[in-house]
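K.L.:
I'd like to ask you about the structure that follows.
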Amino acid sequence: MNKILKAIAIFLVIFAVVFVAGCSGQSSPQEKTADSTENTGEQAGEQPDQSKEWMQTTSADALNVSNAANELASVLSNSGDPTQIKALTQYIETEADASSYESAQFYYDDDLEPAVQKYADMMGSYGAFAKRIDMSLDHINAGDTASAEITIEDAAESLTRGNTYYEEYKTMTEDFKKSHPETA
């Protein structure tokens, strides 16, 4: 039981720091390393422009996954209920993967590409956050608190990155709607 209390204390400290940093709006944008134009309007040829549908679908999915990730951080900081933690990590991992896959099925305007990439980065970060929480719990259960601490720090960074990407994604889609009023 002592290991569990220590693990919860570790979670509380790290997620309190992440929560405060996330609320203060600090971010460090990262450069893109991949350039994908797989489903852009340019390559779509005669395919219909689904930019509006893409934004509607991804907006709802992004909100759901973001809320679940931040709820997980809150649960870790407050109660540490293992059942709720496991349910949230599974939900986040599944939804992040499914949402990323679904996003790739749309044909969209070339001008939307930066938002599409940001969305993929966001879902990847939220999925990594959930996976790293799972890994941390595995380390704790194995008695490896040193590895658990490192993995928890990685999880915190993934959550912060996911939240930053979410804000950037929302700004990009709003900017797109302004420059393409037919999609608003």
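K.L.:
Could you calculate the FRET efficiency of Ala142 with Lys86 from 1/(1 + (r/R0)^6), where r is the beta carbon distance between them and R0 is 25 Å, rounded to 0.05?
P.N.:
On the way: r = 16 Å, r/R0 = 0.66.
Efficiency computed from Cβ-Cβ geometry: 0.95.
K.L.:
Suppose R0 equals 22 Å. What FRET efficiency, 1/(1 + (r/R0)^6) with r the Cβ-Cβ distance, do Glu157 and Ser179 give to the nearest 0.05?
P.N.:
0.10
K.L.:
Another question about this same structure. So how much slack lies between Ser79 and Asn64, counting 0.36 nm per residue of separation and subtracting their Cα-Cα distance, in nm? Let's see the in-between values first.
P.N.:
Details: separation 15, 0.36 × 15 = 5.40 nm, distance 2.14 nm.
Extra length from Ser79 to Asn64 when fully extended: 3.3 nm.
Each reported figure results from applying straightforward, stated rules to the coordinates on display, with no laboratory input. This one's a predicted model, so the numbers in the text were calculated from it and none came from an experiment. For neighbour counting, all protein chains shown are included, and Cβ atoms are generated from backbone atoms with ideal geometry for every residue, glycine included.
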